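See structure below.
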Amino acid sequence: MPSDDLAQISLNALRFLAPAARRPTSRSPATDSHQAPVARALAQLGEIILGKRVQLKLTLACLLARGHLLIEDLPGVGKTTLAQSLAACLGLRLQRIQFTSDLLPADITGVSIFDRTSGSFKFHPGPIFAQIILADEVNRATPKAQSALLEAMEERQVTVEGETRALPEPFFVIATQNPSHQIGTFPLPESQLDRFLMRLRLGYPDPQAERLLLEGRDRRAMLSEMSPCLGLQDIERLQGAVREVFVSPAILDYLQALLTNSRDARAFPHGLSPRAGLSLLQAARAWALVEGRSHVLPEDLQAVLPAVSGHRLQGSGSLAAADGEELARRLVESVALP
Amino acid sequence: MATTPMAWRSRFAQPPPGGQFPLVLTQRRVYILPTRPGLLFAATLVTMLLGCINYNLGLGFVLTFLLGGCGVLTMLHTYRNLAQLRLRPGQVEPVFAGDPAQFPVHLDNPGQIPRLSLRLECGAVRSAWFDVPAAGQQTACLAFPTLQRGVLVLPRIRVRTTFPLGLFNAWSNVDMELQALVYPRPTPGPVELPQPVGGNGGVRQHGPGQEDFAGLRDYHPGDSLRHVAWRTEARDQPLMTKQFSGQSGGEIWLDWAEMSPRLGTEERLRLLARQLLDAQALGASVGLRLPQGEFSPKPGPEHLHRCLGALALFPAH
Amino acid sequence: MSQERGRLRPGILHSLTAALGAILLPHVTHLPLWCSAACAAFLGLRTMLTWRGQASPGRWTLVALALACALGIALGFGAAFGRDASVALLALMLGLKLLETQSSRDATVCICLGYFLIITNFLYSQTIPTAACMLVLMIWLTATMVSAQDRTGALGPKQCLRLAGTLLLQGLPVMLVLFLLFPRINGPLWGFPQANNSSLTGLSDRMSPGSISNLGRSDAVAFRVEFQSPMPSPASLYWRGPVLWDFDGRTWNAAAMLSTAPMQHTAKGPSINYTVTLEPHSQRWLFAIDLPRNVPDGVLLTGDYQLLAEQPVRARIRYDISSHSSYQYGLEEAPQALVRALRLPEGLNPRARELAQALLAAQRQPQAVVNEVLRMFRTQLFYYTLEPPPLGRHSVDEFLFRTKRGFCEHYASAFVFLMRAAGIPARVVTGYQGGELNPVGDYLIVRQSEAHAWAEVWLRGQGWVRVDPTAAVSPARIQRGIAAAVPEADPLPLSVRGNLEALRSLAFTWDAVANAWNQWVLGYSPDRQMELLHDLGLAHPNWRTLVILVVGLISSVLGALAFVILLRLRPAPGDPVEQLWKRFCAKLARAGAPRRISEGPQDFAQRAAKRLPSMGKEIAAITQCYIGLRYADPGPRPQEAHPKEVRRLQALIRHLRPGRGPPRT
């Protein structure tokens, strides 16, 4: 379809031309300087995780928005690989915590052990003191252990035996959860789910991607060869840039309409909370940045809505069984955009 | 205003099929008739006209016809006060029998003029008068008394106005398809709860409710003596029970079959409702076993509402 | 029902009481004192009860009061239960109803009664100021009605007044149609309207020294005239009124028995056509220029060419008439009439008789006698004044030989006396002379100050000939009007004096307004309605066509108003950028690429570009411009860039020319 490509190219060309023509000096160079590293990171991640471009962008947006990610999927679809490649690509320290039913909070945060040589207690930091935490199968642990993790996520600090210790920056938790009902699990309650900015599903790869995966090299080997393409400063700069992304009154109108509809319509008896609204806005800003824009479009809100509100919406009536993403899609469709 | 004719046409179009709500008060839905003061006004005008003819009052004709024109136009104004409003049903909270059930209706006004002095009516039940601001919305509530448990379905209601002069009455009959779940009225006073039974070992290991002291409440017979605040008793105050946060309180099973056979169906339901509430107040996980099925013990208000709902819908014999 | 019957807010009751008080106030002048006092007491009591938040008096108290009021009316007015009695009863009942008022339903009853009382005010006065006052009160009452219906109290007093004003303003077109076209019938339907007012000024059927000079001080309008043919010169404008035959030495009286025999006349010169709007004067005379030719239906033309209506003129009337500018009449006057025109009271005014005999002896020819008397008035020191000295028993003698100062009635009276004494049949004609052209409305105003008296003498071979002795004394009176003729010191009304130009032009404008008011509002009669319909092209309208016309016009007026009123049900138009975007979407929808309701601009642009590849560039440009305006950071100085960008977007969208539809492959 050559005509499609043409239109696409002209659109992409004009996307930067038009604002530049309007304001010759201002923002577009800055946007460019944000766009390049993001594109690099995405390209690198895309080599390892095949056919999951949207999920990769959402993951990156989640990180840049200083949120945390919950991945809910079956084992073996690449949750761990995603975390590992993200850490490798961004040059961040990864710690994996495998949650089990006998995991104790101290196993996460760390313990103070009496050191005979010095005659005092010495703190041995737990695995939480890392930049990227992969919390595998959080629903296997007891609520106590879960809350230790979730509190650390919220506060970005850990208090052990009366002493508060800050966690490193950036601090990004990727928690995974197995959705299939299994005996002896403790699914995260709704109030805890709210602490994750996004919930993603990876799903099976499409046939082409799967073919490439089967043909290609071992992913772990590729990971070990990967060199970081973004530095710590880059990440901090991008996180700062997210806050600068412009939100016009029209976007706020639209966001409010979405929130109001989620609260009023009979399909959603438990509407989106004000915190969910803030999360949506933050995620949309990050998404706009990942897309290389200095302002938020309604499309950005629509793009992040399923991931951000999926685990916060609950259906009723005929939609009771529908999953969150489906509800989010219906929510988008129910609000008219001028 | 090149778009006027299209917009005009769409205004009077029927609401799109399928999506019944919001329900738009279209021309077909709004009825309008003169009120009794309106008829009095008309009679006054006729008398005035006769007087003017008899005494040949040119100025009298002017004022009589002016009032007449004004009165006829009031019909348009009254119609306008109601037309094109959008009605959506609100969320009905379940109530206990005897408390009034509140049926909220949201009204959206897309137009540029405020709608003043409207009212919802359903038989003798009426909402307060309310206004809907221009390009804004308002929620009106109809409070129905509830007498017995079950489902209270809101009949067709009427939204009505006589503004601005009270000469015409415009109304629309709408079915908001609202229903309220009416729980059985809990038996008054404290009742005894069944003893907690063993459940999840992991939760039970610390023993019930020993952790953080959270406050005091009135003593109910059946409270553990270990929780009685003896210190207040010593000050000659009524017996109080200490409450602890974070306590899981164990699991309590309420079983229909184990209740005293002397009680009738309704009395049993009311007693169960009371027990559910009390157990909730104690922070215990309550399970409910009814002839139709059972609810395994869980904490939290949602579970409580689910159980109370089951009681509300318990088939009468 | 509890809320419907709920008590009115005290503010509404106060407003209602005040409005009704203001409506009742003008009635104080014609209601019996006890009625006014009772109404005032009811209103005062109401105000006090409202103020203190106390309940209304009990039902039985009110019934007793009502009975007392009815009894008072029955005793006070007796059997003559007419207009005044009904108004008094209405006022009292309104006061009682107000006392009882608690709910909005009661308030509606009060307001309806209030409207009725507004109309009753017009029984006594229909002037423009009255109308303005009553209109204001009507708006006030309507605003009170609005605030009684505003159950939530969302509207302030100002907003209520504005809404009431808007309602009445919107009722205006309906009122106009109904007023002009609603089939009018001549009243009365029942009873007889009482005499409007007996103290109206105007000419009467008798004339004594000073009676016309008194009129000369009155500024009141006697009648107004619109000329269809060119207006004759002021000197020839003799408006003929009562003709006086009988003299008792002091007073001239109209003939008791009037001959209605048609008289022969010969007309010379062109005829003058005009329309007279006569103010009510409680007499039967209508006025016309000498000599009236075509007499309107229902008007009697007497032998001495007076025009008489069937009934005394109690309301303003309008009639079309025409006159001869030059004529000869009464050549063959009946002998008994000539005898009557010579009769004089015995034993009075001996010196005047002597003078007449001497003149007759000297001249012989009647025409020469007339000329000699006029010459005497002209040459001797006779003065024309509004303030003549009082005259005694021999009024003519005293005037002719002693005072020599008089107004037109003195000259006319003396002249006719001399003629009769000299054996020449003569009579006094009263009426008006001249008039003032109102340049604003292009019509002639004739005031009471233009009242005049002149003489007619019968000469063999010439018939009745008009002789104006005043013209001999003061030609200016006839040529340029009374203001030129009387001395400055004489108390003339302001409107007659010519030297205050600004005031005069103001007065002219006001009179033009008053005239239009009289013509179109107060005097809009069935005849006038027929005239209007005729002008509209309906030559012979019957009831059916009239009803169809009214119904058709009213429905189209209401339709137009409905459009205006219901237009505001539409949502407010969004900002211009949003409007432009909607237009763009509509254009693309017609081209076959409709936007989904929740589709964002960029998604839509991509999809539309795919569907309409030929317009990919334009679509992208428009979308970018729109996004820039609506979603992007407007930058540090948004006011400057914004309008330019909006215009650019407008131009881009205007130049977008979508094809007939999507290419079907």
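The values are calculated or read from the model by the stated rules, or taken from the named source; none is laboratory data. These figures come from a predicted structure and were not determined experimentally. Glycine also receives a Cβ, built like all others from the backbone with ideal geometry; neighbour counts cover every protein chain displayed.
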- Output yes when any residue across the stretch B:24-41 is more than 7 Å from every other protein chain (Cβ to nearest Cβ), at pLDDT below 95 and touching a Pro at 6+ places or on another chain (Cβ under 8 Å), and no when none is. yes
- Taking C:Leu391 as the residue in question, decide whether it is hydrophobic (A, V, I, L, M, F, W, C) and without any contact (Cβ under 8 Å) to a residue 24 or more places away in the chain. no
- Message: Can you list residue pairs whose Cβ atoms sit under 9 Å apart, with the first residue in the stretch B:104-120 being at the interface with chain C (Cβ under 10 Å from one of its Cβ atoms) and the second being among the small types (Gly, Ala, Ser) and part of a strand (DSSP E or B)? Count only pairs 6 or more apart in sequence or on different chains.
- Response: B:Asn109/B:Gly136; B:Pro114/B:Gly136; B:Leu118/B:Ala140; B:Arg119/B:Ala140
- Item | Index of the failed condition, A:Val173 passing every other in (1) of a type outside the set (D, E, K, R); (2) away from every other protein chain (no Cβ under 14 Å); (3) outside any loop (DSSP other than H, G, I, E, B); (4) farther than 25 Å from A:Thr81 by Cβ | (4)
- Taking C:Leu374, is it in contact with a Pro (Cβ under 9 Å, 6 or more places away or on another chain) and assigned to a loop (DSSP other than H, G, I, E, B)? no
- Screening C:Leu580, C:Leu567 for residues that are within 14 Å of another protein chain (Cβ to nearest Cβ), farther than 23 Å from B:Asn54 by Cα and in contact (Cβ under 8 Å) with a residue 60 or more places away in the chain leaves only C:Leu580
- Do the conditions hold for C:Leu45, that is, is it under 18 Å from C:Leu113 (Cβ atoms), out of contact with any Cys (no Cβ under 9 Å at 6 or more places or on another chain) and within 14 Å of chain B (Cβ to nearest Cβ)? no
- Task: For the stretch B:141-158, state whether one or more residues are crowded, with 19+ Cβ neighbours inside 10 Å, out of contact with any His (no Cβ under 8 Å at 6 or more places or on another chain) and within 12 Å of chain C (Cβ to nearest Cβ).
- Result: no
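Yes/no matrix, rows are residues, columns are (1) assigned to a strand (DSSP E or B); (2) not basic (Lys, Arg); (3) not assigned by TED's automatic domain parsing to the domain that holds A:Pro189:
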site: A:Ile97; (1), (2), (3): yes, yes, no
site: A:Phe114; (1), (2), (3): yes, yes, yes
site: A:Phe123; (1), (2), (3): yes, yes, yes
site: A:Ile133; (1), (2), (3): yes, yes, no
site: A:Asn139; (1), (2), (3): no, yes, no
site: A:Leu149; (1), (2), (3): no, yes, no
site: A:Thr159; (1), (2), (3): yes, yes, no
- Message: Condition (residue is at pLDDT below 90 and touching a helix residue (DSSP H, G or I) at 6+ places or on another chain (Cβ under 6 Å)) applied to the stretch C:634-645: is it met by at least one residue?
- Response: yes
- Task: Examine the stretch C:34-53 for a residue that is outside any helix (DSSP H, G or I), in the same structural domain as C:Leu89 (by TED's automatic domain parsing) and either among the β-branched types (Val, Ile, Thr) or more than 25 Å from C:Ile119 (Cβ to Cβ) (or both), and state whether such a residue exists.
- Result: yes
- Can you confirm whether the stretch C:339-348 contains a residue that is touching a residue at least 12 places away in the same chain (Cβ under 8 Å), crowded, with 20+ Cβ neighbours inside 10 Å and either in a helix (DSSP H, G or I) or in contact with a Pro (Cβ under 6 Å, 6 or more places away or on another chain) (or both)? yes
- Tell me which residues, restricted to the stretch C:19-33, are in a helix (DSSP H, G or I), surrounded by 14 or more Cβ atoms within 10 Å (Cβ to Cβ) and hydrophobic (A, V, I, L, M, F, W, C). C:Ala19, C:Leu20, C:Ala22, C:Ile23, C:Leu24, C:Leu25, C:Val28
- Spans of helices (runs of 4 or more DSSP H) in the stretch A:223-307 with at least 2 residues among the β-branched types (Val, Ile, Thr): A:232-244, A:249-264
- Query: Somewhere in the stretch C:594-605, is a residue of a type in the set (Asp, Glu), within 14 Å of chain A (Cβ to nearest Cβ) and touching a residue at least 12 places away in the same chain (Cβ under 8 Å)?
  - Reply: no
- Item | Residue in the stretch B:161-179 that is surrounded by the most Cβ atoms within 10 Å (Cβ to Cβ), counting only those that are in a strand (DSSP E or B) and within 12 Å of chain C (Cβ to nearest Cβ) | B:Thr161
- Query: Somewhere in the stretch C:55-62, is a residue touching a Phe, Trp or Tyr at 6+ places or on another chain (Cβ under 9 Å) and in the same structural domain as C:Gly114 (by TED's automatic domain parsing)?
  - Reply: no
- Message: Return the residues of the stretch A:171-193 that are at pLDDT below 85 and within 23 Å of A:Val54 (Cβ to Cβ); say none if nothing qualifies.
- Response: A:Gln177, A:Asn178, A:Pro179, A:Leu193
- Message: Test of understanding: among C:Ala70, C:Ala91, which residue is more than 18 Å from C:Leu8 (Cα to Cα), touching a His at 6+ places or on another chain (Cβ under 7 Å) and not in a loop (DSSP other than H, G, I, E, B)?
- Response: C:Ala91
- Message: Among (1) out of contact with any Pro (no Cβ under 7 Å at 6 or more places or on another chain); (2) more than 9 Å from chain A (Cβ to nearest Cβ), there is one condition C:Ala591 misses while meeting the rest; what is its number?
- Response: (1)
- Task: Kindly check whether there is at least one residue in the stretch B:85-93 that is at the interface with chain C (Cβ under 10 Å from one of its Cβ atoms) and modelled with pLDDT of 95 or more.
- Result: no
- Task: Give the residues of the stretch C:575-595 that are more than 60 Å from the chain's Cα centre (by Cα) and under 13 Å from C:Ala605 (Cβ atoms), sorted by residue number.
- Result: C:Leu588, C:Ala593, C:Arg595
- Task: Scan (1) modelled with pLDDT of 85 or more; (2) surrounded by 17 or more Cβ atoms within 10 Å (Cβ to Cβ); (3) over 15 Å from the mean Cα position of the chain (by Cα) for the single condition A:Ala61 breaks and write down its number.
- Result: (3)
- helices (runs of 4 or more DSSP H) wholly in the stretch C:94-195 with at least 3 residues that are touching a Ser or Thr at 6+ places or on another chain (Cβ under 8 Å) and facing chain B (nearest Cβ under 8 Å) - which ones? C:104-121, C:128-149
- Reported set for the stretch A:273-291 where residues are within 14 Å of another protein chain (Cβ to nearest Cβ) and out of contact with any Asp or Glu (no Cβ under 8 Å at 6 or more places or on another chain) is A:Leu281, A:Leu289
- Task: Go through the stretch C:224-335 and tell me which strands (runs of 3 or more DSSP E), entirely inside it, have 3 or more residues that are modelled with pLDDT of 85 or more and in contact with a Ser or Thr (Cβ under 8 Å, 6 or more places away or on another chain).
- Result: C:238-247, C:265-278, C:317-329
